[in-house]
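The values are calculated or read from the model by the stated rules, or taken from the named source; none is laboratory data. On a predicted model such as this, the values are computed, not experimentally measured, just so you know. Glycine gets a Cβ as well: all are built from the backbone with ideal geometry, and neighbour counts include every protein chain shown.
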Amino acid sequence: MREKLVLERAREEGWALAFNDVRLRPAHSEIMPDEVNLETMFSRNVGLKIPIVSAAMDTVTESRLAIQLAKLGGLGVIHRGLTIEKQASEVAKVKHSLHGLIENPICAKADDTVLSLLNSRNEKGYSFHSFPVIDDDGKLVGIVTQTDVLFCRDYNQKLGEIMTSNLFTASKGITMDDAYEVMMKNRVKVLPLVDENGKISGMYAAVDLRRIMDGSAVNYNLDDKGQLRVGAAVGVGNEALKRVKRLYEKGIDVIVIDTAHGDSKGVIDTLKRIKNRYPKLDVVVGNVSIGDSAKRLADEGADGIKIGQGPGSICTTRIIAGVGRPQLAAVYDCARVLEGYNIPLCADGGITYSGDITIAIAAGADSVMIGSLLAGTDETPVEIVLAQGRQWKSYRGMGSLGAMKQHKSSRQRYLQEGRREKDLIPEGVEGLAPYRGKLEGVIKYLVGGLKQGMGYIGVKDISELRENTEFDRVTNAGINESHPHDVNITEEAPNYRGR
Ligand code: XMP
């Protein structure tokens, strides 16, 4: 990325600028906002259709939000306040929510009862209803579908008694196109695949294939098997390695080593151990805010770097510890130092309006991670609450007292693992985010604002936005002029909340 005049001068003189210290200059444009391409990378091998990643926080990202965000083209990072098993099962829910080829379908045994199948489906949170039935040698003997269960009067019956055994199957290796043809022609909802010995070796589901084939999934963020992409946060040390093992077994796309201080020995050792054991698994590491720190992580094998020390809406690190770096300066510094490395950078925290996304990318980020603006959506794992006559959803820092008391992982994130409860030093606050309805609506305005910005600058994609944008340093007067002024707002705009 080439030097940005204003940012470079500030960098040389030791002025650390924040998003609100600048605006982007318009330039000659032959691009309409709807023509821009927002595809980018979160890590070396994990792409995004839109440059938005959700924060690994216990009030933001579990499977529900991750599924929806991946369908909108982004990526959710499942937080690590969950036990290893629970986090792995949240990942599995995302991976199982949509399939091209289901490589390892969840199977049942002919001797299992209907009740035991339904219980296990409930416990594991599977959203699908069709289970291939196999014998002790793994040979396919039938299939149990929703219809079979619907017409079963006695749940103590064995699956072997209610399953459909007259089956359409195809051989392992059939292409997705051919499988789709077979299913459409014969009106079958699932197509189990078998190898030369009759053993189950995969499955296709018609609803998923239909979405992929008819183009309604073109904007989904999918892996190469046609499953939604998802990330998960881990900490450091042996516990992190155990977590990665289970997450890897569930098909995780990218691991995020999620700490408040990425440039530390424990993080780098953990990165090396993970990369050593899983060389093909992408690992994003953070958080840092200094170019030299980003370089150290890159040199140690990070596949992506997350930037942000203290910009978050619920963060108090810079106030409590006196340490951190305004986010614009942090992003630019890391991007300049990593020039030529080809390692994606994610700007984590401090996005308050859609325009901040445009600014973060123009300063060198490839994507942004967002907490507060997504925290009010339907898809977060918390309930709506009523206060002051309005609807809210709780949102808290992972370094807040509440989160640190509840999660060992939060204490570890803020380097306080060994402390007693009464000795904890919080680095975040607990609060309420205004309720914002469906995630889709919020993302529409964030992406829409970014596209408008790209139209003003005349850039057709994310790499041009990073490369070809110039900044103006603005004063407080400039910022005041930028926000609505001298009017009483009578109708709230859906994409603007007053300061
Ligand atoms: P936003 O501004 O989108 O920021 O709400 C979300 C990011 O903030 C970080 N985070 C914290 N930082 N104390 C901190 O200093 C905390 O308690 C805390 N909790 C989350 C995190 O990087 C997240 O993605």
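Where helices (runs of 4 or more DSSP H) fall wholly inside segment 226-335, the ranges with 2 or more residues that are modelled with pLDDT of 95 or more and either surrounded by 20 or more Cβ atoms within 10 Å (Cβ to Cβ) or touching a helix residue (DSSP H, G or I) at 6+ places or on another chain (Cβ under 8 Å) (or both) are 237-249, 265-277, 291-299. Restricted to helices (runs of 4 or more DSSP H) entirely inside segment 408-499, those with at least 3 residues that are over 28 Å from the mean Cα position of the chain (by Cα) are 476-482. In segment 406-428 there is no residue matching the filter, namely being at pLDDT 90 or above and closer than 23 Å to R25 by Cα. Of the helices (runs of 4 or more DSSP H) lying entirely inside segment 157-213, those carrying at least 1 residues that are of a type in the set (S, T, Y) are 176-186. Which members of segment 180-192 meet the condition of being out of contact with any Pro (no Cβ under 7 Å at 6 or more places or on another chain) and either over 21 Å from I106 (Cβ atoms) or in contact (Cβ under 8 Å) with a residue 40 or more places away in the chain (or both)? Once the filter is applied, which keeps residues that are out of contact with any Pro (no Cβ under 7 Å at 6 or more places or on another chain) and either over 21 Å from I106 (Cβ atoms) or in contact (Cβ under 8 Å) with a residue 40 or more places away in the chain (or both), segment 180-192 yields Y180, E181, V182, M184, K185, N186, R187, K189, V190.
Collect the residues in segment 371-398 that are within 26 Å of A294 (Cα to Cα), assigned to a loop (DSSP other than H, G, I, E, B) and of a type outside the set (A, V, I, L, M), keeping them in residue-number order. Once the filter is applied, which keeps residues that are within 26 Å of A294 (Cα to Cα), assigned to a loop (DSSP other than H, G, I, E, B) and of a type outside the set (A, V, I, L, M), segment 371-398 yields G371, G397. Of all the residues in segment 1-56, those that are over 26 Å from V337 (Cβ atoms), under 16 Å from the mean Cα position of the chain (by Cα) and of a type in the set (D, E, K, R) number 1. Working only within segment 417-450, note down all residues that are away from the ligand (no atom under 12 Å from the Cβ) and over 30 Å from K49 (Cβ atoms). Listed by number, the residues that qualify are E417, G418, R419, R420, E421, K422, D423, L432.
Yes/no per residue for (1) surrounded by fewer than 19 Cβ atoms within 10 Å (Cβ to Cβ); (2) under 27 Å from N287 (Cβ atoms):
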site	(1), (2)
R390	yes, no
R396	no, yes
K405	yes, yes
S410	no, yes
G418	yes, yes
G431	yes, yes
K444	yes, no
N468	yes, no
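Selection of segment 301-310 for residues being more than 21 Å from I274 (Cβ to Cβ) and more than 6 Å from the ligand (Cβ to nearest atom) yields only Q309.
Identify all residues within segment 252-284 that are of a type in the set (S, T, N, Q) and in contact with a strand residue (DSSP E or B) (Cβ under 8 Å, 6 or more places away or on another chain); write none if there are none. First the steps, then the outcome.
Kept after step one, since they are of a type in the set (S, T, N, Q), are these residues of segment 252-284: 259, 264, 270, 276.
Within segment 252-284, T259, T270 qualify.
Any residue that is touching a strand residue (DSSP E or B) at 6+ places or on another chain (Cβ under 6 Å) and farther than 17 Å from I370 by Cα - is there at least one of those in segment 69-90? Checked segment 69-90: at least one residue is touching a strand residue (DSSP E or B) at 6+ places or on another chain (Cβ under 6 Å) and farther than 17 Å from I370 by Cα.
Check segment 33-54 and report whether any residue there is touching a Phe, Trp or Tyr at 6+ places or on another chain (Cβ under 7 Å) and among the hydrophobic types (A, V, I, L, M, F, W, C). First the steps, then the outcome.
Of all residues in segment 33-54, those touching a Phe, Trp or Tyr at 6+ places or on another chain (Cβ under 7 Å) come to 48, 53.
Those left that are additionally among the hydrophobic types (A, V, I, L, M, F, W, C): 48, 53.
So far as segment 33-54 goes, yes, one or more of its residues are touching a Phe, Trp or Tyr at 6+ places or on another chain (Cβ under 7 Å) and among the hydrophobic types (A, V, I, L, M, F, W, C).
I274 passes every criterion in (1) touching a Phe, Trp or Tyr at 6+ places or on another chain (Cβ under 7 Å); (2) closer than 23 Å to E417 by Cβ apart from (1).
Are any residues in segment 43-81 in a loop (DSSP other than H, G, I, E, B), closer than 16 Å to I252 by Cα and more than 16 Å from the ligand (Cβ to nearest atom), and if so, which ones? Steps first, please.
Quick first cut of segment 43-81, residues in a loop (DSSP other than H, G, I, E, B) only: 44-45, 49-51, 55-62, 72-74, 79-81.
Now drop any that are not closer than 16 Å to I252 by Cα, which leaves 44-45, 56, 61-62, 74, 79-80.
If the condition is that a residue be in a loop (DSSP other than H, G, I, E, B), closer than 16 Å to I252 by Cα and more than 16 Å from the ligand (Cβ to nearest atom), then R44, N45 are the ones that fit.
Considering only residues in segment 351-370 that are out of contact with any strand residue (DSSP E or B) (no Cβ under 7 Å at 6 or more places or on another chain) and either within 21 Å of Y496 (Cα to Cα) or in a strand (DSSP E or B) (or both), the one that is nearest to the ligand (Cβ to nearest atom) turns out to be T352. Criterion applied to E90, E39 was being touching a Ser or Thr at 6+ places or on another chain (Cβ under 7 Å) and away from the ligand (no atom under 16 Å from the Cβ), and the one residue passing it is E90. Identify all residues within segment 396-412 that are charged (D, E, K, R) and near the ligand (Cβ under 8 Å from one of its atoms); write none if there are none. Scanning segment 396-412 gives a single hit, R396.
Report yes if A260 is within 16 Å of the ligand (Cβ to nearest atom) and touching a Phe, Trp or Tyr at 6+ places or on another chain (Cβ under 7 Å), otherwise no. When the stated conditions are applied, A260 passes them. In the set (1) among the charged types (D, E, K, R); (2) assigned to a loop (DSSP other than H, G, I, E, B); (3) surrounded by fewer than 17 Cβ atoms within 10 Å (Cβ to Cβ); (4) in contact (Cβ under 8 Å) with a residue 60 or more places away in the chain, the condition left unmet by D111 is number (4). With the condition kept exactly as written, say whether any residue in segment 325-346 is over 21 Å from E39 (Cα atoms), of a type in the set (V, I, T) and away from the ligand (no atom under 12 Å from the Cβ). Yes, segment 325-346 contains a residue that is over 21 Å from E39 (Cα atoms), of a type in the set (V, I, T) and away from the ligand (no atom under 12 Å from the Cβ).
Could you look through segment 371-395, keep only residues that are more than 16 Å from the ligand (Cβ to nearest atom) and within 21 Å of the chain's Cα centre (by Cα), and pick out the one that is farthest from L450 (Cα to Cα)?
Restricting attention to segment 371-395, the residues satisfying the condition of being more than 16 Å from the ligand (Cβ to nearest atom) are 378, 383-391.
Add one more test, that the residue is within 21 Å of the chain's Cα centre (by Cα), and what stays is 378, 383.
Details: D378: 23, E383: 30 Å.
Top of the filtered list is E383.
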